[in-house]
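The values are calculated or read from the model by the stated rules, or taken from the named source; none is laboratory data. Values in this document were obtained by computation on a predicted structure and should not be read as measured data. Positions of Cβ are backbone-derived with ideal geometry, glycine not excepted, and every protein chain shown enters the neighbour counts.
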Amino acid sequence: MEKIPKKNLTEETYDKAAEGYAKKFENIGVRSKDVDQAFEYISKENPNVLEIGCGGGREAAYILSKTDNYIGIDVSAGMLAQAQENLPDAQFQKTAVETYDFPTNVDIVFAFASLLHTSKEDLKDVFERMYEALNESGVVYLSLKRKDKYSTTVVEDSYGPREFFYYSRDDIHEVAGEGFEEVFYEEQAREEDWFTMILRKK
């Protein structure tokens, strides 16, 4: 029997559990304060926003209340079906960030708990392409699971198996490179440790 790549297992889990995830996050609420915080770094009206791992579109509606220029990408067809149903006029694309052809003239990139499925090697390449895509002083908003040392594991819960990559603050500076400066950092203690970081293109 052929072994299924871990990345594909993660995608399949999100596809199969899309409806369940939508219900799970309904009561959590939109990350409106996080979105507002990122927008504070951009002075132009109607900035161009890209959301990596938009899922079912939980944040997309709020982002679209602040700008007309939004693209949401996700690797899961099931999650995107939820997003498109909720926001039929919004622009969504099914693609993996590791192979995504980034647009130009981007002002804000959001990655809410999405790049935690991307390896350090691939994340370095993603940052290089984000740097080229961003306008001067554009920002990247990240939230990731935190450990003092980079590591990976496959977690299986009621939804299915998913591969996670754990990062430290230093790991992100390493993969982002000298083209970005940190303008915000905060750690959160939950069932697992998380951190939020905003990086700005120099």
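How about segment 118-157: which of its residues are more than 24 Å from ILE108 (Cβ to Cβ), touching a residue at least 40 places away in the same chain (Cβ under 8 Å) and touching a helix residue (DSSP H, G or I) at 6+ places or on another chain (Cβ under 8 Å)?
Answer for segment 118-157, where residues must be more than 24 Å from ILE108 (Cβ to Cβ), touching a residue at least 40 places away in the same chain (Cβ under 8 Å) and touching a helix residue (DSSP H, G or I) at 6+ places or on another chain (Cβ under 8 Å): just VAL154.
Which condition number does PRO161 fail, the rest of (1) in contact with a Leu (Cβ under 6 Å, 6 or more places away or on another chain); (2) part of a helix (DSSP H, G or I); (3) modelled with pLDDT under 95 being met?
All conditions pass for PRO161, except number (2).
Scan segment 26-59 for residues that are on the phi > 0 side of the Ramachandran plot, in contact (Cβ under 8 Å) with a residue 12 or more places away in the chain and exposed (fewer than 14 other Cβ atoms within 10 Å of the Cβ) and report the count.
Qualifying residue count for the region: 1.
Given the criteria aromatic (Phe, Trp, Tyr), at pLDDT 95 or above and touching a Ser or Thr at 6+ places or on another chain (Cβ under 8 Å), does PHE112 qualify?
yes
Residue-wise test of (1) touching a helix residue (DSSP H, G or I) at 6+ places or on another chain (Cβ under 6 Å); (2) farther than 22 Å from TYR100 by Cβ.
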| position | (1), (2) |
| --- | --- |
| GLY20 | no, yes |
| LYS33 | no, yes |
| ALA38 | no, no |
| ASN46 | no, yes |
| ILE52 | no, no |
| ALA60 | no, no |
| GLY72 | yes, no |
| ALA83 | no, no |
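Criterion first (at pLDDT below 95 and of a type in the set (A, V, I, L, M, F, W, C)) does VAL155 satisfy it?
yes
Take the residues of segment 95-138 that are of a type in the set (Val, Ile, Thr) and part of a loop (DSSP other than H, G, I, E, B): which is nearest to ALA83 (Cα to Cα)?
Per the criteria, the residue is THR95.
State all residues of segment 9-30 that are in a helix (DSSP H, G or I), modelled with pLDDT under 75 and under 17 Å from LEU116 (Cβ atoms); if no residue qualifies, say none.
Once the filter is applied, which keeps residues that are in a helix (DSSP H, G or I), modelled with pLDDT under 75 and under 17 Å from LEU116 (Cβ atoms), segment 9-30 yields LEU9, TYR21, LYS24, PHE25.
Just to check your reading of the model, which residue among THR95, THR118, THR99, THR104 is of a type outside the set (Asp, Glu), under 14 Å from the mean Cα position of the chain (by Cα) and surrounded by fewer than 21 Cβ atoms within 10 Å (Cβ to Cβ)?
After applying the criteria, what remains is THR95.
Condition first: under 18 Å from GLU11 (Cα atoms), without any contact (Cβ under 8 Å) to a residue 12 or more places away in the chain and part of a strand (DSSP E or B). Can you find one or more residues in segment 173-190 that meet it?
The answer is no, given that none of the residues of segment 173-190 is under 18 Å from GLU11 (Cα atoms), without any contact (Cβ under 8 Å) to a residue 12 or more places away in the chain and part of a strand (DSSP E or B).
If you scan segment 166-202, which residues turn out to be among the basic types (Lys, Arg) and either under 13 Å from LEU116 (Cα atoms) or surrounded by 14 or more Cβ atoms within 10 Å (Cβ to Cβ) (or both)?
ARG169, ARG200, LYS201
Could you say whether any residue in segment 76-94 is touching a Ser or Thr at 6+ places or on another chain (Cβ under 6 Å) and either within 26 Å of GLU181 (Cα to Cα) or part of a helix (DSSP H, G or I) (or both)?
no
Filter segment 169-180 down to the residues that are out of contact with any helix residue (DSSP H, G or I) (no Cβ under 9 Å at 6 or more places or on another chain) and of a type outside the set (D, E, K, R) and list them by number.
Once the filter is applied, which keeps residues that are out of contact with any helix residue (DSSP H, G or I) (no Cβ under 9 Å at 6 or more places or on another chain) and of a type outside the set (D, E, K, R), segment 169-180 yields only HIS173.
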